[in-house]
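Reviewing the structure listed below.
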Amino acid sequence: MLPLTSLLLTSPFPSVSVDAEVVLKAMGVDGVFDSDPRSNSQARLLPLLSHRDVTLQQLEVMDPTAITLCHKKRLPVVVFNLTTPGNIVRALSGEPVETLMP
């Protein structure tokens, strides 16, 4: 890990350095929500949103610097639940999973 960074920040750096086509963000929840679904039962899943939406709505899916890097490099981010059986295969094969930031 880079000094003074978090995993939320460093995740897109390897993707950019190897010219990846997408960043896969595995989490313990079903994608990106408008608020924390673990503490708010009314939280809404956001299946499609832009990098700009994440920044403007201050959604805590990734560090703002990471979101900006993905946006500048035109690198889509797929956010999915790591604990759902089959989700890794679905994400790798391009099937729709919880949230896409094109």
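The values are calculated or read from the model by the stated rules, or taken from the named source; none is laboratory data. Keep in mind that what you see is a predicted model, and the values were worked out from it rather than measured. Cβ atoms come from the backbone with ideal geometry, glycine included; neighbour counts cover every protein chain shown. Side chains are part of the model used for accessible areas, which takes the heavy atoms of the whole protein and leaves out ligands, DNA and RNA. Shrake-Rupley method; radii C 1.70, N 1.55, O 1.52, S 1.80 Å.
Brief remarks follow.
- Considered as a group, the residues in segment 45-56 that are in contact (Cβ under 8 Å) with a residue 24 or more places away in the chain and over 11 Å from residue 32 (Cβ atoms) include one that is least open to solvent (accessible area, probe 1.4 Å), and that residue is 51.
- So residue 88, is it within 17 Å of residue 22 (Cα to Cα) and over 11 Å from the mean Cα position of the chain (by Cα): yes
- Checked against the criterion of being crowded, with 16+ Cβ neighbours inside 10 Å and free of Cβ contacts under 8 Å to residues at least 60 places away in the same chain, the candidates 82, 59 yield just one match: 59.
- Scanning segment 58-83 for residues that are among the polar types (S, T, N, Q) and under 10 Å from the mean Cα position of the chain (by Cα) turns up nothing.
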